Each structure stands twice: as structure tokens, then as C-alpha cells.
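Bear in mind that the values in this text are calculations on the coordinates, not laboratory data. Every value quoted in this text rests on a predicted model; they were computed, and no experiment measured them. Cβ: placed from backbone, ideal geometry, glycine included. Neighbour counts: every protein chain shown.
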Amino acid sequence: MNADLKQEALSFVDNVIFGQDRGVAELLTAPYTFANSRIAKIYGLGTASPAAGQPDPFVRVNLDPTQRAGLLTQAGFLSSNAEGQVPQIIIRGVHIARDVLCAPLPAPPT
């Protein structure tokens, strides 16, 4: 599944930047992603699995815009900032502040 989640993000970014010549706003707000049959199931989309030995291509799928918007709501990003099935909202926020917004954060209170 890790390779599929990585490919989802790579396909999405490649399409937004090189396929559509769009920028950061689209990366952060797009209500779609690229998914194969395994990733589509994560988002609750009904897609048929390919026959054994057949490719499982990543295709553009529309997501519920009230639930998903851009790279930071993709399953790969969310799961990389979680422990098992427990979301780590603080860690996710720290990651966004430091690595996306380049904002320094003070040390946590003691």
C-alpha cells in the first residue's frame, strides 16, 4: 500500500504541475486525486479490481470537496502523520507549519 500511496501523490503533483501548468493553489485545493483500485477503496469509491496479472492504472477520480482538498488531505499524507488508525493532529500541524509554511515553532511548554 505504501507504494500505491506514494504513486498517488506523484501522479497528482505531476498532473497539476506538468499536465495542467497549475501551481500551489491547485495542489492545496484540488477536489480530485489519482487512484488505482486499491486507493479508490480508501476514499470509498467503487471501482473494479483488474483481473489477475493485469495493470491497475492510476486514473483521475473526483473526491467529495467537503471532505478532501489537495495534497494535504490525501490518504498518504494523513497516514504518514498518524500512528496506526489514530490521527496525530498535533504532529500533522507541526509538519505543515515547519515543512510547508517554513514557520519556526517555539519549544512545547513544560
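With Cα atoms defining each centre, segment 32-67 and segment 68-104 are spaced 22 Å apart in the structure.
Each residue of segment 58-69 was assigned a 3J(HN,Hα) from its phi angle through the Karplus expression (A = 6.51, B = -1.76, C = 1.60, θ = phi - 60°), giving 8, 10, 5, 10, 7, 10, 5, x, 7, 10, 10, 8 Hz with x at Gly and Pro. Distances between placed amide hydrogens fall under 5 Å for Val59 paired with Ala35, Asn36, all partners being 5 or more residues away or on another chain. For Tyr32, the amide hydrogen comes within under 5 Å of the amide hydrogens of Leu63, Gly70, counting only partners 5 or more places away or on other chains and with H modelled in the peptide plane.
For Cα extents along the principal axes in Å, the choices are [x] 56, 35, 25; [y] 45, 31, 19; [z] 50, 34, 13; which was calculated from the structure? Among [x] 56, 35, 25; [y] 45, 31, 19; [z] 50, 34, 13, the one calculated here is [x].
In the chain, the longest principal axis of the Cα atoms and the axis of helix 2-14 are about 90 degrees apart.
Think of segment 2-100 as a dipole: +1 on every Lys or Arg Cβ, -1 on every Asp or Glu Cβ, centred on the Cα centre; then among Gln67, Ala48, Gln20, Gln67 lies furthest on the positive end.
Counting only other residues whose beta carbon sits under 11 Å from that of Thr73, what net charge do I get with K and R as +1, D and E as -1? Summing Lys/Arg as +1 and Asp/Glu as -1 gives +1.
One chain, two ends: Gln85 and Asn62. Fully extended at 0.36 nm per residue, the span grows by 5.9 nm beyond their Cα-Cα distance.
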